[in-house]
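The values are calculated or read from the model by the stated rules, or taken from the named source; none is laboratory data. As the structure is a prediction and not an experimental result, all values here were calculated from the model. Note: ideal-geometry Cβ built from the backbone for every residue, glycine included; neighbour counts use all protein chains shown. These accessible areas exclude ligands, DNA and RNA; they are computed on the full protein's heavy atoms, side chains included. Shrake-Rupley method; radii C 1.70, N 1.55, O 1.52, S 1.80 Å.
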Amino acid sequence: MALSCELATATPHVIRGLLHLIETSPITRAPNHLLISVGALVGKIMASGATYYHLVVSDQATDDCETEVETAFRDEGVPSWRDSVIEVVHMPQPNSFFPGSTESTLYVIHPEVAR
């Protein structure tokens, strides 16, 4: 399935700076789940000075999940979300959002990554 992706091509110091901003900025509102499907979840996180997204893809994701993820990001004005991945974390255990899953991957997406 095509939902997997790589880190953004931005220079490492840009990515480190955005990760630092995310790690040090207090969250100002509860995360908003834009999508929860059978195998994917998109969450929007708003913090002081930063808005970013979490995409969690489980081993149960389908082609329909991919379509729903694309639609969720397009509706948010982030159509090229794959170019904005600043962190990838593989989780080799079941994910409670996806009953029956055995693993998942978290992608941290920051739409302001400079290209």
Quiz item: Out of the residues in segment 44-64 that are hydroxyl-bearing (S, T, Y) and over 17 Å from L18 (Cβ atoms), which is least open to solvent (accessible area, probe 1.4 Å)?
Solution: S58
Quiz item: Does any residue of segment 6-19 turn out to be loosely packed, with under 15 Cβ neighbours inside 10 Å and in contact with a Gly (Cβ under 7 Å, 6 or more places away or on another chain)?
Solution: no
Quiz prompt | Inter-residue pairs, beta-carbon under 6 Å, first surrounded by fewer than 15 Cβ atoms within 10 Å (Cβ to Cβ) and in segment 83-97, second not in a strand (DSSP E or B), 6+ apart | solution = P92/E103
Quiz prompt | Top-ranked residue of segment 21-43 - restricted to ones that are open to solvent by less than 40 Å² (accessible area, probe 1.4 Å) and in a loop (DSSP other than H, G, I, E, B), ranked as nearest to E103 (Cα to Cα) | solution = G39
Practice problem: Go through segment 25-75 and give me each residue that's in contact with a Leu (Cβ under 7 Å, 6 or more places away or on another chain) and acidic (D, E). | Solution: E66, E68
Quiz item: In segment 44-66, which residues are assigned to a strand (DSSP E or B), within 13 Å of the chain's Cα centre (by Cα) and over 16 Å from G77 (Cβ atoms)?
Solution: H54, V56, V57, S58
Quiz prompt | Only one of G100, G49, G43, G77 that is of a type in the set (G, A, S) and within 19 Å of V14 (Cα to Cα) | solution = G49
Self-check item: Residues (in contact with a helix residue (DSSP H, G or I) (Cβ under 8 Å, 6 or more places away or on another chain) and either small (G, A, S) or modelled with pLDDT under 90 (or both)) located in segment 11-62
Solution: S37, G39, A40, A47, G49, A50
Exercise. Please state which one of T67, T102 is open to solvent by 50 Å² or more (accessible area, probe 1.4 Å) and in contact with an Asp or Glu (Cβ under 7 Å, 6 or more places away or on another chain).
Key: T102
Quiz item: Among the residues of segment 32-43 satisfying the criterion of being within 17 Å of V85 (Cβ to Cβ) and of a type in the set (G, A, S), which is nearest to the chain's Cα centre (by Cα)?
Solution: G43
